[in-house]
1. Just to be sure, is GLU93 surrounded by fewer than 16 Cβ atoms within 10 Å (Cβ to Cβ) and at positive phi?
2. When you look at ILE70, is it over 13 Å from the mean Cα position of the chain (by Cα), among the hydrophobic types (A, V, I, L, M, F, W, C), outside any loop (DSSP other than H, G, I, E, B) and farther than 23 Å from ILE97 by Cα, yes or no?
3. So which residues in the range 28-58 are without any contact (Cβ under 8 Å) to a residue 24 or more places away in the chain and either touching a helix residue (DSSP H, G or I) at 6+ places or on another chain (Cβ under 6 Å) or more than 22 Å from ILE97 (Cα to Cα) (or both), if there are any at all?
4. When the residues of the range 29-66 are narrowed to those that are among the hydroxyl-bearing types (Ser, Thr, Tyr) and in a strand (DSSP E or B), which ends up modelled with the highest pLDDT?
5. For the list (1) outside any strand (DSSP E or B); (2) surrounded by 13 or more Cβ atoms within 10 Å (Cβ to Cβ), I need the number of the one condition that SER26 fails.
6. Considering only residues that are touching a helix residue (DSSP H, G or I) at 6+ places or on another chain (Cβ under 9 Å), exposed (fewer than 14 other Cβ atoms within 10 Å of the Cβ) and small (Gly, Ala, Ser), which ones fall in the range 59-90?
7. Going through the range 40-55 one residue at a time, which ones are closer than 25 Å to ILE105 by Cβ and exposed (fewer than 14 other Cβ atoms within 10 Å of the Cβ)?
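The values are calculated or read from the model by the stated rules, or taken from the named source; none is laboratory data. As the structure is a computational prediction, the values presented were derived from the model and not from experiment. Every residue, glycine among them, receives a Cβ derived from its backbone with ideal geometry; neighbour counts consider all protein chains shown.
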Amino acid sequence: MSIRVRVACISVKENKIVLMKKLIRSYFNFNQLTPPGGGVELHETLEQACIREMHEETGLIVSDPKLRGIISYINHTNEGHAVTLFYVSTRVEGELITMEPEKHIPEWVDLSTLATNERVPDYY
């Protein structure tokens, strides 16, 4: 078993954050809203991974991401284990673009609605 290192990047702009609506039916988080992010590549810093993933998935350019939390996901049925580091950036440039329409669609979500939004998993 190996442990995957992942990042999630939360961009904050005008009291809203970008979340991704997951479209692949086989994903455990199908039709839910989760932060942009993904795996850290070899020789890439965690901050670089956050910046890259945000741009690849949303078209946005973020800078100066700050570490705000860490979550360990353990799946005992398939022996999967991932550690995700959560970053937040308030320095956001560009326009929101759907970069991977077959996988997920980014959308701005008002921060005041997160606690009651049924599409946002409780663990976020």
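1. Spelling it out, it is not the case that GLU93 is surrounded by fewer than 16 Cβ atoms within 10 Å (Cβ to Cβ) and at positive phi.
2. Judged against the criteria, ILE70 is not a match.
3. Passing the criteria: PHE28, GLU41, LEU42, HIS43, GLU44, THR45.
4. Among them, the one singled out is SER63.
5. (2)
6. Matches in the range 59-90: SER63 only.
7. GLU41
Let's see how each residue does on (1) among the hydroxyl-bearing types (Ser, Thr, Tyr); (2) within 10 Å of the chain's Cα centre (by Cα); (3) on the phi > 0 side of the Ramachandran plot:
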{"site": "VAL12", "(1), (2), (3)": "no, no, no"}
{"site": "ASN15", "(1), (2), (3)": "no, no, yes"}
{"site": "LEU23", "(1), (2), (3)": "no, no, no"}
{"site": "PHE28", "(1), (2), (3)": "no, no, no"}
{"site": "VAL40", "(1), (2), (3)": "no, no, no"}
{"site": "CYS50", "(1), (2), (3)": "no, yes, no"}
{"site": "GLU53", "(1), (2), (3)": "no, yes, no"}
